[in-house]
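The next block holds one structure in the form of structure tokens; read it before the comments.
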Amino acid sequence: MLASRAAALLAGAVMAGSLFAAAPAVAGPVSPDAWNECPASRFCMWTGVGGTERIIILQVGDPDLGTPGARPVVRSAYNRTDARWCLYRSTYYRDLIGAVNPGGLANLRPSTRVASVRPCP
């Protein structure tokens, strides 16, 4: 039953157009329990697919997620806010990677590095 629920959640996200616009999703396991680590009214990113491994929880944007070598490789994201969130390759919101609609969750390309993130302007 969990597998069918996970498939339904992912299918719903795809149909709602809530996956990253410019960073296509990749196949990977999706566990509803893993996604639940993201608190309500927050935007979350993980270093593993399906909401696994290290989590980054944001309420407001962050113009610089770390030095280039330390920037997280983001493999999945979940937007539990009411706003669309934009992810950028460069600090201070430059070089848009893509956006996640409210309620959207996605698995991303393995090489996706995020330098800054915020609710889309």
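Okay, here's what the table says:
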{"quantity": "Every residue from the range 61-78 that is on the phi < 0 side of the Ramachandran plot and either touching a Pro at 6+ places or on another chain (Cβ under 8 Å) or of a type in the set (Gly, Ala, Ser) (or both)", "calculated": "61, 65, 69, 70, 73, 75, 76, 77"}
{"quantity": "Residue 81 being modelled with pLDDT under 90 and either polar (S, T, N, Q) or in contact with a Phe, Trp or Tyr (Cβ under 7 Å, 6 or more places away or on another chain) (or both)", "calculated": "no"}
{"quantity": "Number of the condition not met by residue 90 [criteria: (1) over 17 Å from residue 37 (Cβ atoms); (2) of a type outside the set (Val, Ile, Thr); (3) modelled with pLDDT of 95 or more]", "calculated": "(3)"}
{"quantity": "Residue check, residue 76 closer than 18 Å to residue 110 by Cα and in contact with a helix residue (DSSP H, G or I) (Cβ under 9 Å, 6 or more places away or on another chain)", "calculated": "yes"}
{"quantity": "Where a residue in the range 109-121 is within 15 Å of residue 72 (Cα to Cα) and polar (S, T, N, Q) and its partner, wherever it lies, is buried (at least 18 other Cβ atoms within 10 Å of the Cβ) and at pLDDT below 90, with Cβ under 7 Å and at least six apart", "calculated": "112/23; 112/74; 116/65"}
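The values are calculated or read from the model by the stated rules, or taken from the named source; none is laboratory data. Every value quoted in this text rests on a predicted model; they were computed, and no experiment measured them. No Cβ is skipped: glycine too gets one built from the backbone with ideal geometry, and neighbour counts run over all protein chains shown.
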